[in-house]
Every structure is written in structure tokens, then in C-alpha cells.
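Okay, structure first, notes after.
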Amino acid sequence: MPVYLDRDELIFHADDVHPDARFSLAFQRTLRIPDDGRDHPLPPGLGRFPLRHVEDHADRLPQGWVTRGGVMFPMYQAEAMWILFSGGGYPFAVKIAAGKINAVSGERWSPGLNRDPQDYCVLPEQPWLDGYAVERGVIRQFVAMPLGQGYTAEEQLTGAAEWGGVQIVAYPMKAERWEELRRRRAKEMRVYAMRAPMVAESAAMGLAPGGRMRQVIVRDRRPLDVWDQRHGLRCHVAILNSADWAAATGSPAPQPPVSARDYTAAGLPWYDYYAEAPAVPGAAALASLKSVAALARERHGDAGDLAEPVPVQRVLRIGQTPGRAVTSAF
Amino acid sequence: MSDFGAHVRKAREAKLTQDRRYSLRQVAQRIGVEPAYLSKVERGETAPPGEETIRALARELDEDTDVLLALAGKVSSDLKEIILRRPRLFADLLRQLKQAPDHAILRLVREVKDGDW
């Protein structure tokens, strides 16, 4: 039941369930949307974050990271990201947690799938995930903050700063269900996604809730027993402060992210994704979280540029074949 | 016409249909060579350029650098360095993998280790 790393993409391949049971997942750099209480359109993808095997850099990382295994990538403080799912159409149920807090249900990490409330994304219907599901059709963007400062969803909900990073488990559809589906849909199949010094524990980053964005987390309309829960594929993804990336890996960190203001001022577009799929309602626990800007305001009396409004003028509407721009131009 | 030259010409001309900046002259200028030289390379009348120029061409044409280097009969200097650091290990590994299908190679070298979390 392997998970591979190939050119900064995680490839989940449940080949012992079915040769077609495969999808890939990448972490996309993006603009941090203003945390100003308004619902924003989708920002673009500005290229993949570099992913590295944790074990390749074991001698420079805290022992706890090595024990968890998996991969890691760098983020700057207050930088945003989204998760891009791509594949050939084989259905998967994918649980995503940040700091072991489920990004869809707000509950603590548990193995297996739950339907009430739904605690996973369904592929291929879900092309991407940009943040925590706080309301039906609204997420709060994933924004990186240093673990231990109280901003992350994990710290707000559990009071502890233990995990940070991202945790993923993916369950493929049962092979016999897929064969049925494939026969039924033989003519409809399509590709769906376009869209030296020891590093200290303090380099660990977690994900905190940022600004609000319009995004549907698709409700699963299939019966729960279509998913093959005996064959889950797991991966732990650590997030390392970009300032420590070079020390850990010997490779330079990516350039600091472009600001939403500069991007918009350059006349570049944002996106609105139109999907008719039904949405999960969002989690009360996640809706109760304080955003990074709200906490900064409470603590320092000022949210700095976190809440600075950006006059978005160009919004491209994209439809059933998601064409959200993914570029490495920044 | 060499495989390398033909491939570069096809990739450049495909871009030229969308964007006039991909004329022979402009591409040559951006990668730092004379247009006449790039023309000869594309027609296979001269040997492929050095690694740095091929890297610049790959960036310019959105091509995979390793594939372009391979078409020119070259191996990237960073790969050479990796092999030279542990020559016996990598020579054995590559010989063993010579006949292996792609999915087996992918499984061997890219699997992510799962741990305790």
C-alpha cells in the first residue's frame, strides 16, 4: 500500500486493491486572502511547494519528526497554501487533518471514515481543498503559523502544540464497485484535475484559519460501504519554517510569497469555481476558531496586513472541468 | 536531422504558433547563442550544445531538462555527481533496474516511509 514522492507530488497508489486506484496530491503555494470577514474568490496556484522525504534529512531534524516518517515542505509564517488533487477518476475518500484536527469535521484525528458528520473529501468530485470547512460553501484558508504561539486550529481546540503539519489517509473505492462504475460510465471518464545545524523543534509549523473563501466541500452521495477501509494509505506531512529549510535540506527555501495586493495590482485573476455538487454543512468546532487576524488583533491591538482588504476586480468563473491556474511564475 | 535538434525545433515551433516571441532569433537571444548556431542545432548540422545551454533551452521551452539532455546524449551533472559519490551502489542499482518496468522503479525509489503518528 505505497505512497510515493515524485517531483513534489505525493502519489497514492492502492495497487493491491486495483491497478487504477491512484491519485496524486500536491501542496500549492498561493496568495493569503484578506482576513477581513468577507468571502473571497479562489486565489491561484503559484507552483508546488518542494516536498522532501523526512528520512533523507534525519540527521538534521528533531527525532520526533523522524519517528513520524513521511515528507516535509517549507512555509513562511503567515503564508497560505492549498491542496490540489489530481488523478484518473478512481474514487477515493481522503481524510485531511492539520495538527491532527480534521479539516472537514473539526474533530480529533481518528482512523476510518465517518458520515455523520462527514469527515473526508471525495475524489474525483473534490478538485482541491483550501482550508477548514467552517460553513456550508465556505472555508477558512490554511495559513502557516509557528507551532506553540496559540494560533493553530490544533492549539485552539486541544490546548496543546504537539503535532502541527498535515496528516492524510486515503481509502480507495472497493475494486468491485469501481468495476461496476467503470462499466456504467465507460463513455464519461475523463481526467479531472488540472487545477548542517540541527533544526530545532521550534521550526515546526502548524496550520491556522485565515480569511474566508467560497468553496464547497462535496457531500458524499455514495453509501459508506463503497470505500475499502481495510486498505488505507497514510502519509504524515511535516511543515518546516522556511527560515530553517536550507539548514535541514541543503537546498534554498522558495522565495517569499507574493502578496494578494501585488498580485491583484498586476491585473492577475482570481477564480470562482462553479459546482452543482451538494456541500457538507461545515463544522461548528471549526467555525468557532479565531482566525489569525482576530487573534493578532486581540493580542497586539492590530492585525497588520493580515486583514488588509484587496480590491479584487478580475474573477474568472470556472466550471465542471476545473481550470484554476497553476503557475510557477512567482 | 538529430533527435535533439528535431525535438527542439518542434517544441519551439509549437510555441511559436501561440506566441511570436518564440521565433528562432528571439529564443536564441534569450538563451545566449547566435540565431545561426541555434538554426544549425535544430537542423542537426552541428552537435548539440553544452549542458548549460540545454538547461536554458529546457526552461525556455518548458521541456524536461533530463529528457532534453538525454536526447543530446548527455547526463545531468548533478546526476553524475550522485553516481560518482557512491559509484558501486549506483552502478549495481542501475544495472538491476535496466529491465524493470516503470512502476517497479517508482516503487523502489520513491516510496514514502510511514512512521508512528
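Among the residues of segment A:286-298, just one is farther than 18 Å from A:Tyr132 by Cα and open to solvent by less than 60 Å² (accessible area, probe 1.4 Å), namely A:Ala296.
Count of segment A:248-276 residues, restricted to those that are touching a helix residue (DSSP H, G or I) at 6+ places or on another chain (Cβ under 6 Å) and surrounded by fewer than 17 Cβ atoms within 10 Å (Cβ to Cβ), is 1.
Checking segment A:30-47 against the condition returns no match, with no residue being more than 10 Å from every other protein chain (Cβ to nearest Cβ), over 30 Å from A:Arg314 (Cα atoms) and modelled with pLDDT of 90 or more.
Looking only at segment B:90-112, decide whether some residue is farther than 30 Å from A:Pro19 by Cβ, away from chain A (no Cβ under 14 Å) and under 17 Å from the mean Cα position of the chain (by Cα).
So far as segment B:90-112 goes, no, none of its residues is farther than 30 Å from A:Pro19 by Cβ, away from chain A (no Cβ under 14 Å) and under 17 Å from the mean Cα position of the chain (by Cα).
Taken together, A:Gly211, A:Gly301, A:Gly282 contain a single residue that is more than 14 Å from chain B (Cβ to nearest Cβ), surrounded by 15 or more Cβ atoms within 10 Å (Cβ to Cβ) and on the phi > 0 side of the Ramachandran plot, which is A:Gly282.
So is A:His57 in contact with a helix residue (DSSP H, G or I) (Cβ under 6 Å, 6 or more places away or on another chain) and farther than 24 Å from A:Val292 by Cα or not? Answer is yes for this residue. Is at least one residue of segment A:229-238 exposed (fewer than 14 other Cβ atoms within 10 Å of the Cβ) and at pLDDT below 95? Within segment A:229-238, one or more residues are exposed (fewer than 14 other Cβ atoms within 10 Å of the Cβ) and at pLDDT below 95. For the residues A:Tyr120, A:Tyr132, the requirement of being closer than 23 Å to A:Ser242 by Cα, of a type in the set (Ser, Thr, Tyr) and within 14 Å of the chain's Cα centre (by Cα) singles out A:Tyr132.
Does any residue of segment B:73-81 turn out to be touching a His at 6+ places or on another chain (Cβ under 7 Å) and more than 14 Å from every other protein chain (Cβ to nearest Cβ)? Taking every residue of segment B:73-81 in turn, none turns out to be touching a His at 6+ places or on another chain (Cβ under 7 Å) and more than 14 Å from every other protein chain (Cβ to nearest Cβ).
Scanning segment A:17-26 for residues being within 12 Å of chain B (Cβ to nearest Cβ) and either surrounded by fewer than 18 Cβ atoms within 10 Å (Cβ to Cβ) or over 15 Å from the mean Cα position of the chain (by Cα) (or both) gives a total of 2. Within segment A:1-40, restricting attention to residues that are of a type in the set (Asp, Glu) and assigned to a strand (DSSP E or B), the residue that is nearest to A:Val237 (Cα to Cα) is A:Glu9.
Considering only residues in segment A:67-78 that are crowded, with 23+ Cβ neighbours inside 10 Å and away from every other protein chain (no Cβ under 14 Å), the one that is farthest from A:Ala144 (Cα to Cα) turns out to be A:Pro74.
The values are calculated or read from the model by the stated rules, or taken from the named source; none is laboratory data. Just so it is clear, the structure is predicted and the values come from calculations on it, not from any experiment. Here the Cβ is made from the backbone with ideal geometry for all residues, glycine too, and neighbour counts use every protein chain on show. Remember, those area values only see protein heavy atoms, side chains included, never the ligands or the DNA or RNA. Shrake-Rupley method; radii C 1.70, N 1.55, O 1.52, S 1.80 Å.
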